[in-house]
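The values are calculated or read from the model by the stated rules, or taken from the named source; none is laboratory data. Since the structure is predicted, the reported quantities are computational estimates derived from the model, not experimental observations. Cβ coordinates were reconstructed from backbone atoms using ideal geometry, including for glycine residues, and neighbour counts include every protein chain displayed. Accessible surface is based on the protein model in full, side chains and every heavy atom, while ligands, DNA and RNA are left aside. Shrake-Rupley method; radii C 1.70, N 1.55, O 1.52, S 1.80 Å.
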Amino acid sequence: ELKVEQNPLFLSMQEGKNYTIYCNYSTTSDRLYWYRQDPGKSLESLFVLLSNGAVKQEGRLMASLDTKARLSTLHITAAVHDLSATYFCAVDIPRGSQGNLIFGKGTKLSVKP
Amino acid sequence: KAGVTQTPRYLIKTRGQQVTLSCSPISGHRSVSWYQQTPGQGLQFLFEYFSETQRNKGNFPGRFSGRQFSNSRSEMNVSTLELGDSALYLCASSFGETVVETQYFGPGTRLLVL
C-alpha cells in the first residue's frame, strides 16, 4: 500500500525565517505534486515534480524530488504571512493512468509577524 | 477560462438518505477525479472518470458511485448516507491523456450528514 508521510504536520514560523517541509512516500513513483489549501478553500497546484533531481521554484517556495530516497522537500525562504496555509504533497499511484493521487496528511503552516 | 465548478456548495442530509453531487470540468478536460476530505482521514481518492468510463477506483464502499456524461460533466452519488460521510468532496479535472498532468480542483461540496 502506498503511503505518503509529511512532517511536520504543524509548523509555526516567524516572518523572515526559513524552513523545510518533508514528504516521504513508500513506493516507486516518479511524479510528485505539491498543493496549497487555504482555510475553507480548494486545492491550488504549486509544483509538479517529474524526475529524480527535479527542482522547481516559485517565489519563496522551492520544491525538490529525490526518487531514490523517495523524498520531496518544500523549502520556504524568508516566510511571509501570506504563506500561511496547509500544504499537501501527493504521489501518483503507479498504474500508468493519472487522476489517482495519494495525499499526505498536510502541513499546516502559520507564519506570525 | 472558467475553472472547475461544483454544485451544490453546501448540503445537509440525514442518515439513510442519498445525495448526488455534480462537477463540471474545465473546458476541454476529459478526466474527472473525485476526492473526499475529512479531518481524520485527510484527502482520499474516490474514483476517476475519463471519456465516460471509470478508469480508477479508490477503496470506498459500493455506496459511493459516479458517472460521467458525454460533455465530461460528472456526478457522484452516495446512497444510504452515514454520519461518517460528512466531508468536503472535491473534484479535479485534467486533460487525462497523459500520465503527467496537473489536476485542477474545484471549490468542493461540503456535505453534512445528521
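Here the condition is being within 14 Å of chain A (Cβ to nearest Cβ), of a type outside the set (Asp, Glu), touching a residue at least 24 places away in the same chain (Cβ under 8 Å) and at positive phi; of B:Gly108, B:Gly66, B:Gly28, it holds for B:Gly108 alone. A search for C-beta distances below 7 Å between a residue of segment A:35-52 that is over 15 Å from B:Tyr89 (Cα atoms) and any residue that is surrounded by fewer than 21 Cβ atoms within 10 Å (Cβ to Cβ) and among the aliphatic types (A, V, I, L, M), counting only pairs 6+ apart in sequence or on different chains, returns A:Tyr35/A:Leu46; A:Arg36/A:Leu46; A:Arg36/A:Ala85; A:Asp38/A:Ala85; A:Leu46/A:Leu61; A:Leu50/B:Val100. When segment A:48-66 is limited to residues that are open to solvent by 70 Å² or more (accessible area, probe 1.4 Å) and part of a loop (DSSP other than H, G, I, E, B), the one that is modelled with the highest pLDDT turns out to be A:Arg60.
Can you pull out every residue in segment B:73-95 that is among the hydrophobic types (A, V, I, L, M, F, W, C) and either open to solvent by less than 10 Å² (accessible area, probe 1.4 Å) or modelled with pLDDT of 95 or more (or both)? Working first, answer last.
Quick first cut of segment B:73-95, residues among the hydrophobic types (A, V, I, L, M, F, W, C) only: B:76, B:78, B:81, B:83, B:87-88, B:90-92, B:95.
Within segment B:73-95, B:Met76, B:Val78, B:Leu81, B:Leu83, B:Ala87, B:Leu88, B:Leu90, B:Cys91, B:Ala92 qualify.
For segment B:1-58, which fully contained strands (runs of 3 or more DSSP E) count at least 1 residues that are modelled with pLDDT of 95 or more?
On the way: elements: B:5-7, B:10-13, B:19-24, B:31-38, B:42-50, B:53-57.
Per the criteria, B:5-7, B:10-13, B:19-24, B:31-38.
Among the residues of segment B:70-102, how many are more than 7 Å from chain A (Cβ to nearest Cβ), more than 22 Å from B:Gln17 (Cα to Cα), in contact (Cβ under 8 Å) with a residue 12 or more places away in the chain and not hydrophobic (A, V, I, L, M, F, W, C)? Count: 5.
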